[in-house]
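One structure is given here, and the rest of the page talks about it.
The values are calculated or read from the model by the stated rules, or taken from the named source; none is laboratory data. A quick note: this is a predicted structure, and the numbers were derived from the prediction, not measured. When we count neighbours, we look across all protein chains shown, and the Cβ atoms used for this are built from the backbone with ideal geometry, even at glycine. Areas reflect the complete protein model, heavy atoms only, side chains present, ligands, DNA and RNA absent. Shrake-Rupley method; radii C 1.70, N 1.55, O 1.52, S 1.80 Å.
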Amino acid sequence: MIDPRSSVIEKRLAGVKRIVAVTGWKGGIGKSSIASVLALLLAHKGHRAALLDLDFTGASDHIILGINDAHYTEETGLNPPLAHGITFMSMSFFSQGRAVPLRGSDVSQAALELLAVTQWGEQDFLVVDMPPGIGDASLDMVRWIKRAELLAVTTPAVLSVETLKRSLALFERLNVPLLGIIENLSTAAHSPFVSHAKFLGSIQRDPSLEAATGHPEQILRTRFAEELGKVAAVFD
Amino acid sequence: MHEWALAEAVIASAAETARQQKMSVVEEIVLNIGELQSIDAEMFASLVKNQLTQAEPLLQDAEVRVVRGEAAFECQACKKEFSEQDAKVSEEEREAIHFVPEMAHVYMRCPACGSPDFSIVRGRGVFIQEITGQP
Ligand SMILES: Nc1ncnc2c1ncn2[C@@H]1O[C@H](COP(=O)(O)OP(=O)(O)O)[C@@H](O)[C@H]1O
Ligand SMILES: [Mg+2]
Ligand SMILES: [Zn+2]
């Protein structure tokens, strides 16, 4: 039996100029915050920006951006809603606030389904919040989303430096281009990644981010957004 | 009508396969639609047929036939096999499953032990089961 879904993904993404896949090698390092706020910043600058939350078991972009009552519509597929200027699709639309207990292969299947039926239309940027790590699910995503460029999120921890190197080597073998590395939750004045050719910058721990959660206007005024904005200059 | 998007995927994939198998004309496409997808078989067949009239010449006259794949689940915890009927789901939940069959994991539990950790053995997805034609 032939699964037809992957044949149509490129067509679904044909109107999207650039696809930025935000990845990181574990949870809790700010991938979702960076993906969501990046989409927000791009939209704020006047770009047509879309956001796809593919971290199904831990979907959180809708919480960060306070997208509560938006809903997709059905036409020749699923049309993602526009929320705070961002064209947004997430598994949260289907799980109604419940936990999503998916094993790796089911994560891939669900992502494939969503990629096959979502009509993105014309976009300057599609930011993808990837499943954490370099498991099957992430590898499937970069296989299906062929034009994805990686935006790697890391933290200053030594362990993180090592995992980052290994993971980047893997993606390089898979010919996935690396857009850059962002260090989040940085503490030291000098990042251990500063010498990397693709290092884009660091973002400090920002205590005001927590209170801004769910409020895009407030998020845009945080130091987090300001620092990410500087990094996002690579898109201009 | 997210079925429209799936029909388009079927046609793109059928064209790819027909070219790989060096067919000059496709006579029949047999589709297998999993029960979990809750897509009406006849409606989907005519949707595909309709889109085919706009497709490349190779595909235009193909017959479209749909067979249903019954859904079956196996609990990872207690190994019981069960059906969609066994695990009672509401209309609203069925709708979410209709768009993304893996959402079954969100709404269904093993009817024997209550575990949400089960595998979908059969009955998801839309597949091209068979494609026949002339070289
Ligand atoms: N630079 C930062 N300053 C303060 N809190 C942050 C920062 N980056 C992320 N966080 C917080 O850390 C938690 C995990 O972030 P999240 O973006 O969900 O990570 P991931 O997607 O990698 O699991 C969230 O509560 C988020 O608000
Ligand atoms: Mg996350
Ligand atoms: Zn059980």
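Which of B:CYS78, B:PHE118, B:ILE97 sits farthest toward the positive end of the charge dipole of the range B:72-121, with +1 on the Cβ of Lys and Arg and -1 on the Cβ of Asp and Glu?
B:CYS78
About its Cα centre, what dipole magnitude does the protein assembly as shown give when the only charges are +1 on Lys and Arg Cβ and -1 on Asp and Glu Cβ, stated in debye to the nearest 20?
In debye, rounded to 20, the protein assembly as shown gives about 1340.
Could you check what % of the DSSP bridge pairs in chain A are antiparallel, to the nearest 5?
Beta bridges within chain A, antiparallel portion: roughly 10 percent.
Under the definition of Cα pairs under 8 Å and six or more residues apart, what whole-number percent is the relative contact order of chain B?
It comes to 37 percent, rounded to a whole number.
Output the DSSP H helices from chain B with an along-axis C-alpha extent of no less than 18 Å and a mean Kyte-Doolittle hydropathy no less than -0.5.
Once both thresholds are applied, what remains is B:2-20.
How large, in percent, is the carbon and sulfur part of the accessible surface of the range B:72-121 at a probe radius of 1.4 Å?
Looking at the range B:72-121 in its full context, I get 44 percent from C and S.
Treating cross-link reach as a plain straight distance, find the lysines whose alpha-carbon is under 30 Å from the alpha-carbon of A:LYS146, omitting any fewer than eight places away in the same chain.
A:LYS11, A:LYS17, A:LYS26, A:LYS31, A:LYS45, A:LYS165, A:LYS198, A:LYS230, B:LYS22, B:LYS49
For the protein assembly as shown, build the charge dipole from Cβ charges (+1 Lys, Arg; -1 Asp, Glu) around the Cα centre, then report which of A:VAL194, A:ALA59, A:GLN119 sits farthest towards its positive end.
Result: A:VAL194, furthest along the dipole toward the positive end.
Measure off 7 Å from each Cα along the Cα-to-Cβ vector at A:GLU149 and A:ALA233, then give the distance between these two points in nanometres to one decimal.
Placing both labels 7 Å beyond Cα along the Cβ direction yields 1.6 nm.
How far is it, in nm, from the label point at B:GLN51 to the one at A:GLU172 when both lie 7 Å from their Cα along the line to the Cβ?
A separation of 4.1 nm, rounded to one decimal place.
Report which residues of the range A:100-147 become buried by 20 Å² or more of accessible surface when going from the isolated chain to the complete set of protein chains (1.4 Å probe; DNA, RNA and ligands ignored).
By number: A:PRO101, A:LEU102, A:ARG103, A:ASP106, A:GLN109, A:ALA110, A:GLU113, A:VAL117.
Go ahead and estimate [θ] at 222 nm for chain B from helices alone: -39,500 (n - 2.57) per DSSP H run with n ≥ 4, summed, over the residue count, rounded to 500.
Value at 222 nm, helices only, nearest 500: -10000 deg cm²/dmol.
Over chain A, with every protein chain in place, what whole percent of the accessible area is carbon and sulfur at 1.4 Å, could you tell me?
Ligands and nucleic acids excluded, carbon and sulfur give 53 percent.
For chains A and B, what's the summed buried accessible area, probe 1.4 Å, to the nearest 100 square angstrom?
3000 Å²
Please compute the per residue accessible area over chain B with all protein chains in place, 1.4 Å probe, rounded to a whole number of Å².
Per-residue accessible area for chain B comes out at 45 Å².
Keeping every protein chain in place, order A:ARG5, B:ARG94, A:ARG166, B:ARG109 by accessible area at 1.4 Å, biggest value first, i.e. largest first.
A:ARG166, B:ARG109, B:ARG94, A:ARG5
In the range A:1-50, which residues become less accessible by 20 Å² or more once every protein chain is in place, relative to the chain on its own, using a 1.4 Å probe?
Residues meeting the cut-off: A:MET1, A:ILE2, A:ASP3, A:PRO4, A:ARG5, A:SER7, A:VAL8, A:LYS11, A:ARG12.
Just the accessible area per residue of chain A, please: how many Å² with a 1.4 Å probe?
So chain A comes to 42 Å² accessible per residue, rounded to a whole number.
May I ask you to find the residues of the range B:60-108 that are shielded by at least 40 Å² of accessible area once the whole protein assembly is considered instead of their isolated chain (probe 1.4 Å)?
At a threshold of 40 Å² (probe 1.4 Å), the residues of the range B:60-108 that become less exposed are B:PHE99, B:VAL100, B:GLU102, B:MET103, B:HIS105, B:VAL106, B:TYR107.
Picking from A:VAL231, A:LEU209, A:LEU220, whose Cα lies most toward the positive end of the charge dipole for the range A:189-236 (charges on Cβ: Lys, Arg +1; Asp, Glu -1)?
Ranked along the dipole, the leading option is A:VAL231.
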